[in-house]
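Undergrad: First, the structure itself, so that you have it in front of you.
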Amino acid sequence: AKGAWPGSAEEETVIDIGGQDAKFIVVGPGGTVVDFEMNRACSAGTGSFIQEQAVRLGVDLKQEFAKLALSSSQPLPFTSRCTMFMESDLVHHIQQGVSLPDLLLGVSQAVVENYIDRVAQGRNFGRQVVLQGGVAKNQAVVQAFKNRLKGTEVVVHEHPGVSGAMGMA
């Protein structure tokens, strides 16, 4: 929370998604934590899930994933939020010939939906959201959040991968 808070007098929501966990943090005036929630058992909304799917699809996460995903014309909608079922769906759709960009954007959107369902759990995102954590470097996931959170300004922290460490320091 301290790493994300820019000193605003208003509350801001921080979406922090790392390799293993995802956090929903509302930061109030003075940098105080007003609300907090973290994923419990599901990894479908984390960086490790995205990385596993990139490997499965033979895509370089840093160089190709976002570029390919953002070229999608019909993203694959996942019917489940569970990692195991999403992986099964992905394999099925690969066998059905769904295009690589559509699969990748579907994975990106699934991460966002999983986060909203399992981490935010119906909470209000407010007027401004700061994305941080390593996943915020993935432009396909950033765009999926922007598309899903209409009416909310979504910005990426200047140093998303180390903002948590900056706050600790």
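The values are calculated or read from the model by the stated rules, or taken from the named source; none is laboratory data. Source: prediction; values computed, not measured. Cβ placement follows ideal geometry from the backbone for every residue including glycine, while neighbour counts extend to all protein chains displayed.
Undergrad: Let me confirm something: among V107, V119, V91, which residue is aliphatic (A, V, I, L, M) and within 24 Å of G151 (Cβ to Cβ)? Quick ask: steps written out before the conclusion?
TA: Details: V107 fails: within 24 Å of G151 (Cβ to Cβ); V91 fails: within 24 Å of G151 (Cβ to Cβ).
Among V107, V119, V91, only V119 is aliphatic (A, V, I, L, M) and within 24 Å of G151 (Cβ to Cβ).
Undergrad: Test each condition in (1) at pLDDT 90 or above; (2) at positive phi; (3) of a type outside the set (V, I, T) for G30 and report the one that comes out false.
TA: (1)
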